[in-house]
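Worksheet: one structure, shown below.
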């Protein structure tokens, strides 16, 4: 005998089901309230511990990024503990077991789907604990240069000298190379120039070395180095190398600017010529006539 579908029976079954759920919720209401209270307490506890931990880390860890990462990790762990305790209070042990059993499968699926994101996350952890990179360091990487303003679990943020920000994914930064101008207090820079072939090369060398040594303080074991490099088309070229205090690229530009001005001014005073390439165009009458005839034929 076929069972006929009855809307009235369906509504009755649905109502009975909802009524049963309502009764269960009413019976579990104290547990639900207690679970909410537990989550609130764990949230407050997590914030307090994170705040205390940041204060302690400020005294022992210089890098702000490390302080932030550790604070976030501790906060998440405490909240997870609170979540599991709340499930226990609500007597949802089966749900807790199912969550733990499915966590491995879900984690594997998420890991495969978010390989790039996970690479950036682990890259952020590596960068946060890297002693060669700190907040406010001036670095150059992947064609960009600027001050490190933020290191998070996804990317590193640079504030460029023009006050624009560039975001570099952690995975790209880890796999590539970078220059940190803030690690060493002293750096050596080079300034290149050229003098005319009629110049006294010894006079040029002595003068340049003297000028650089007088205007840029060279520490112990630091010397001004001068080398003639080549016979150029219109000049004999040289390079002078010396040490400066440099924490970012601006210091390098400022020192180069100062050195160029000093060398040029003193070369002028000593009548030392800094030549520039000259091209002489020779138009003889025959070539010019051929060019005019050729244009006439095309016309």
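Points worth noting:
- Residue 166 part of a strand (DSSP E or B) and either surrounded by 12 or more Cβ atoms within 10 Å (Cβ to Cβ) or under 35 Å from the mean Cα position of the chain (by Cα) (or both): yes
- Here the condition is being within 36 Å of the chain's Cα centre (by Cα) and part of a loop (DSSP other than H, G, I, E, B); of 259, 247, 255, it holds for 247 alone.
- Test result for residue 78, part of a helix (DSSP H, G or I) and at pLDDT below 80: no
- Odd one out for residue 229, checked against (1) at pLDDT 90 or above; (2) over 45 Å from the mean Cα position of the chain (by Cα): (2)
- Selection of the range 152-163 for residues being in a loop (DSSP other than H, G, I, E, B), within 11 Å of the chain's Cα centre (by Cα) and in contact (Cβ under 8 Å) with a residue 24 or more places away in the chain yields 152, 154.
The values are calculated or read from the model by the stated rules, or taken from the named source; none is laboratory data. For clarity, every value in this text was computed on a predicted model and none was experimentally measured. For neighbour counting, all protein chains shown are included, and Cβ atoms are generated from backbone atoms with ideal geometry for every residue, glycine included.
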